[in-house]
Amino acid sequence: MPIFTEEFTSKVAPSKLFQAGAVDSHNLIPKLMPEAVSSATLLVGDGGVGTVKLFKFTDVVPYDSLKERVELLDKENLEYTHSWIEGGLLGAKLQSATYNIKIHPGADGGSVIKITVDYQPKPGAELTEADINADKEESYGVFQAVEAYLLANPGVYAA
């Protein structure tokens with residue numbers, strides 16, 4: 001059961017990062033990363049637990065789309081968990097992938113973001129280090145785009 005954990009620091013306040021990067025990701029990410037994400041829509045729900053989000057990608061991403069379900073949305077403790085339910089590496093190499101994001105207060109009003117990913121490979125399928133590293137890079141790229149946007153637009157997602 002391959003699991004990886006990454007930790008990032010940010011100058012952005014935890015509540016802003018959580019609101020932008022977790023709660024409103026389906027609206028914000030396509031605007032910030034149009035070269036990779038062509039659209040994102042809510043298929044089921046209103047953004048809370050049980051919501052299903054569909055992300056469609058451009059040709060720079062090795063798969064067309066990804067559906068994810070919100071498993072946990074804890075606005076008080078700034079914790080968000082979502083699972084892939086269709087697309088991405090599901091079917092090819094994975095039975096499931098679950099992402100947990102927890103944002104803690106950091107230095108000088110900033111944040112520490114901890115992302116833990118739990119992959120369940122398909123029987124007989126090999127999840128390579130390259131697959132995991134590509135996912136880490138994608139996660140970090142999304143984080144960097146959200147952080148840059150929030151730093152450049154300090155009035156958005158105000159608490």
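The values are calculated or read from the model by the stated rules, or taken from the named source; none is laboratory data. Note that the structure is a prediction, hence the values are computed from the model and not measured. All Cβ positions, even for glycine, are placed from backbone atoms using ideal geometry, and neighbour counts span all protein chains on display.
Structure notes:
- Failed item, numbered, when residue 158 is tested on (1) of a type outside the set (S, T, N, Q); (2) touching a helix residue (DSSP H, G or I) at 6+ places or on another chain (Cβ under 8 Å); (3) surrounded by 14 or more Cβ atoms within 10 Å (Cβ to Cβ): (3)
- Considered as a group, the residues in region 103-122 that are modelled with pLDDT of 90 or more and part of a loop (DSSP other than H, G, I, E, B) include one that is farthest from residue 42 (Cα to Cα), and that residue is 106.
- Every residue from region 136-159 that is of a type in the set (Asp, Glu) and either in contact (Cβ under 8 Å) with a residue 60 or more places away in the chain or in a loop (DSSP other than H, G, I, E, B) (or both): 147
- Look at (1) in contact (Cβ under 8 Å) with a residue 60 or more places away in the chain; (2) aliphatic (A, V, I, L, M); (3) touching a Gly at 6+ places or on another chain (Cβ under 9 Å) and you find that residue 54 fails only one, number (1).
- Within region 28-46, the residues that satisfy the criterion of being surrounded by 12 or more Cβ atoms within 10 Å (Cβ to Cβ) and out of contact with any strand residue (DSSP E or B) (no Cβ under 7 Å at 6 or more places or on another chain) are 28, 32, 33.
- Of all residues making up region 40-70, the number that are on the phi > 0 side of the Ramachandran plot and either part of a strand (DSSP E or B) or more than 15 Å from the chain's Cα centre (by Cα) (or both): 2
- Filter result (surrounded by 18 or more Cβ atoms within 10 Å (Cβ to Cβ) and out of contact with any helix residue (DSSP H, G or I) (no Cβ under 8 Å at 6 or more places or on another chain)) within region 100-126: 102
- When the residues of region 1-34 are filtered to those that are among the β-branched types (Val, Ile, Thr) and assigned to a helix (DSSP H, G or I), the one that is nearest to residue 72 (Cα to Cα) is 23.
- Residue among 126, 68 that alone is of a type outside the set (Phe, Trp, Tyr) and either under 19 Å from residue 40 (Cα atoms) or touching a Lys or Arg at 6+ places or on another chain (Cβ under 6 Å) (or both): 68
- Complete set of residues in region 103-125 that are acidic (Asp, Glu) and at negative phi: 118
- Selection within region 57-82: residues that are free of Cβ contacts under 8 Å to residues at least 60 places away in the same chain and among the aromatic types (Phe, Trp, Tyr). The member of this set that is surrounded by the most Cβ atoms within 10 Å (Cβ to Cβ) is 57.
- Scanning region 71-102 for residues that are of a type in the set (Gly, Ala, Ser), on the phi > 0 side of the Ramachandran plot and either in a loop (DSSP other than H, G, I, E, B) or modelled with pLDDT of 95 or more (or both) yields a count of 2.
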